[in-house]
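A short worksheet on the structure shown next.
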Amino acid sequence: DLPKEKIAGIKLTRQGKSKWDDIYEERIDPYGKKYYWLTGTLIETDSLLDTDHFAVKNNYVSITPIHFDLTDYKTFDSMGEWQIENLMK
């Protein structure tokens, strides 16, 4: 959270790359049952000027349009030549 008067502006950004250094803590709930709590450290591997990481670190509001699709379209297109429909014959 940042007070409005400290906001430097608004930036349209791309999603920066990062990974987590995962740490699992073993804990006990109020009923005596064991559970694991995921914690860790965010490791930024991409903090260039056009990323959300950079914008947020520098008090900008970051707007990053995203979508989720892991299809490898290059491979998908080349597999179209495999005549997959003949595999069941």
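The values are calculated or read from the model by the stated rules, or taken from the named source; none is laboratory data. This is a predicted model, so every value here is computed, not measured. Backbone-built Cβ (ideal geometry, glycine too); neighbour counts: all protein chains shown.
At-a-glance table
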| item | result |
| --- | --- |
| Yes/no for D21 being under 30 Å from G9 (Cα atoms), touching a Ser or Thr at 6+ places or on another chain (Cβ under 7 Å) and of a type outside the set (S, T, Y) | no |
| Failed condition for P30, given (1) over 25 Å from K11 (Cα atoms); (2) in contact with a His (Cβ under 7 Å, 6 or more places away or on another chain) | (2) |
| G9 vs. criteria surrounded by fewer than 10 Cβ atoms within 10 Å (Cβ to Cβ) and among the small types (G, A, S) | yes |
| Any hit, the stretch 26-35, residues being closer than 25 Å to K4 by Cα, surrounded by 10 or more Cβ atoms within 10 Å (Cβ to Cβ) and out of contact with any helix residue (DSSP H, G or I) (no Cβ under 8 Å at 6 or more places or on another chain) | no |
| Residues located in the stretch 36-55, provided they are at pLDDT below 95, surrounded by 11 or more Cβ atoms within 10 Å (Cβ to Cβ) and aliphatic (A, V, I, L, M) | L48 |
| Any hit, the stretch 31-46, residues being under 15 Å from the mean Cα position of the chain (by Cα), within 21 Å of H67 (Cα to Cα) and part of a strand (DSSP E or B) | yes |
| Every residue from the stretch 63-75 that is of a type outside the set (A, V, I, L, M) and either touching a strand residue (DSSP E or B) at 6+ places or on another chain (Cβ under 6 Å) or surrounded by fewer than 11 Cβ atoms within 10 Å (Cβ to Cβ) (or both) | P65, H67, F68, D69, T71, D72, Y73, K74, T75 |
| Residues of the stretch 48-89 classified as part of a loop (DSSP other than H, G, I, E, B) and within 30 Å of D1 (Cβ to Cβ), total | 10 |
| Members of the stretch 1-30 that are touching a residue at least 40 places away in the same chain (Cβ under 8 Å) and either aliphatic (A, V, I, L, M) or part of a loop (DSSP other than H, G, I, E, B) (or both) | L2, I7, A8, I10, L12, T13, Q15 |
